[in-house]
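Have a look at the structure below before the remarks.
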Amino acid sequence: RSPAGMLLVAAGLLLAVAAGGRGSPAGEQESPPGSRFVCTSLPLDAAGTGCPLPPVPMQGGALPPEEELKATVLQLRETVLQQKETIGSQREAIRELTGKLSRCEGADGKSAAGAWKNEVGKGKDTMGDLPRDPAQVIDQLSRTMQTLKDRLESLEHQLRANVSYAALPSDLREMLQRRLGDLERQLLSKVAELEDEKSLLHNETSAHRQKTETALNALLERVSELEKGNSAFKSPDEFKVSLPLRTNYLYGKIKKTLPELYAFTVCLWLRSSASPGIGTPFSYAVPGQANEIVLIEWGNNPIELLINDKVAQLPLFISDGKWHHICITWTTRDGMWEAFQDGEKLGTGENLAPWHPIKPGGVLILGQEQDTVGGRFDATQAFVGEMSQFNIWDRVLKAEDIMNIANCSINMPGNIIPWVDNNVDVFGGATKWPVETCEERLLDL
């Protein structure tokens, strides 16, 4: 029940008591026992109405009792109206504060920051542009929360002074305090999130900058590499390895080794007129398996590809003393293989060491077949001739790419083993000569 209603009921009771305590005038019949007075509450807009009272003569110049009661009722009504107005203004303040709390709860960090700036900070920048120092952010938020608490306490004091305790129930005060506490915790949590996002953004910016610098450096190296030669498609290092004799001590060695491979493509330029057979252009041996990867033409046999000591015969013919471009692809899936000569696919097959991954950490030799890792060469299996542009990729190249490499229209170094001068050592009298293979090939045509 509202305070205004309570005061109206009290006024009605006072009128009833006054009327009941006044004796009946002489000559009038008194009310019988058990009778009662019924009084109706006055509406707020009925300023001149009241319970009708019989006239009573004035005594000693004082106001009649009905006039005193009427004045009291008017005074109480005025007080009730004032209190109603005060309660309305206080309710409006509570509604405004609740609206601010709701907006702060539903807003993101930036909009909430603007709301606090406009409505709480009175123009002071509390959240619009968070300072970089987290301690300063928390200090500003603490001052903002203290301002809200002071306003709430002032509101409670005003309500206590103007209305009775029943005008502001304890559950409403507790709800406001709980909402204020929740808001404080949410603001502190939002500050922590903003600091985390700022740190994450800084880390991402640093990583992006490093990635960009790496890409730019690679691009500059590529440009420098292309500027070294007269043609945009010249090899980064134009040289060939010459193995002129069939011995067991002339060979080249690749300094890098292979990782574990599930597919590969090997491409190289060859020129040989040796007979019978050109020998072994390259071999790769690992501990426990000397014939992990071998390309060999021995005696009158056709060129063979060995993988994990399994053999596939390749339809290649390269012992005519001219430069030829050879590419061999293989994948562990079903042991599929392909053989290309001068950009054209001449053969394909399957079931060559299927599901066998190429083992890592072995030794890659040019010109000799290994019976042990890195040694025990057989002169009858040695390669005789010249080779260049020996490259290995860890995937099966497309036929179009192989054709472009063979036509010298692109330069495409191997991503596992590239043909570069500082990656090839020669032994036993083998030599390295500067040469551009595509130019020499034109002389053979």
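The values are calculated or read from the model by the stated rules, or taken from the named source; none is laboratory data. Because the structure is a prediction, the values reported are computed rather than measured. Every residue, glycine as well, gets a Cβ built from its backbone with ideal geometry; the counts of neighbours run over all protein chains shown. Accessible surface is based on the protein model in full, side chains and every heavy atom, while ligands, DNA and RNA are left aside. Shrake-Rupley method; radii C 1.70, N 1.55, O 1.52, S 1.80 Å.
Looking only at the range 266-292, count how many residues are on the phi > 0 side of the Ramachandran plot and assigned to a loop (DSSP other than H, G, I, E, B). Going through the range 266-292 one residue at a time, the tally reaches 2.
On inspection, Ile365 passes the criterion of being in contact with a strand residue (DSSP E or B) (Cβ under 6 Å, 6 or more places away or on another chain) and under 14 Å from Val294 (Cβ atoms). A single entry from Trp298, Trp269 fulfils the requirement of being assigned by the TED database to the domain that holds Gly375, farther than 25 Å from Asp394 by Cα, in contact with a helix residue (DSSP H, G or I) (Cβ under 7 Å, 6 or more places away or on another chain) and surrounded by 14 or more Cβ atoms within 10 Å (Cβ to Cβ): Trp298.
Residues of the range 286-340 that are over 48 Å from the mean Cα position of the chain (by Cα) and polar (S, T, N, Q): Asn300, Asn301, Gln313, Ser319.
Applying the criterion of being in a loop (DSSP other than H, G, I, E, B) and open to solvent by 10 Å² or more (accessible area, probe 1.4 Å) to the residues of the range 338-352, the residue that is nearest to Ala290 (Cα to Cα) is Asn351. Looking at the structure I just gave you, is Pro259 closer than 30 Å to Ile293 by Cα, at pLDDT below 80, surrounded by 10 or more Cβ atoms within 10 Å (Cβ to Cβ) and within 40 Å of the chain's Cα centre (by Cα)? Answer is no for this residue. A single member of Thr329, Thr380 is touching a residue at least 12 places away in the same chain (Cβ under 8 Å), surrounded by fewer than 22 Cβ atoms within 10 Å (Cβ to Cβ) and outside any loop (DSSP other than H, G, I, E, B), and it is Thr380. Ser319 meets the conditions (1) within 23 Å of Asp394 (Cβ to Cβ); (2) at pLDDT below 90 in every case but one. The failed one is (1). For the range 383-396, taking the residues that are among the hydrophobic types (A, V, I, L, M, F, W, C), closer than 13 Å to Val241 by Cβ and in a strand (DSSP E or B), the one that is nearest to the chain's Cα centre (by Cα) is identified as Phe390.
In the set Asp334, Asp320, only one residue is among the charged types (D, E, K, R) and not in a loop (DSSP other than H, G, I, E, B); that residue is Asp334. Would you say Ile307 is in contact with a Phe, Trp or Tyr (Cβ under 8 Å, 6 or more places away or on another chain), among the β-branched types (Val, Ile, Thr), closer than 23 Å to Ala430 by Cβ and assigned by the TED database to the domain that holds Gly414? The answer is no for Ile307.
Give me a count of the residues in the range 392-430 that are of a type outside the set (D, E, K, R) and open to solvent by less than 50 Å² (accessible area, probe 1.4 Å). Selection size over the range 392-430: 22.
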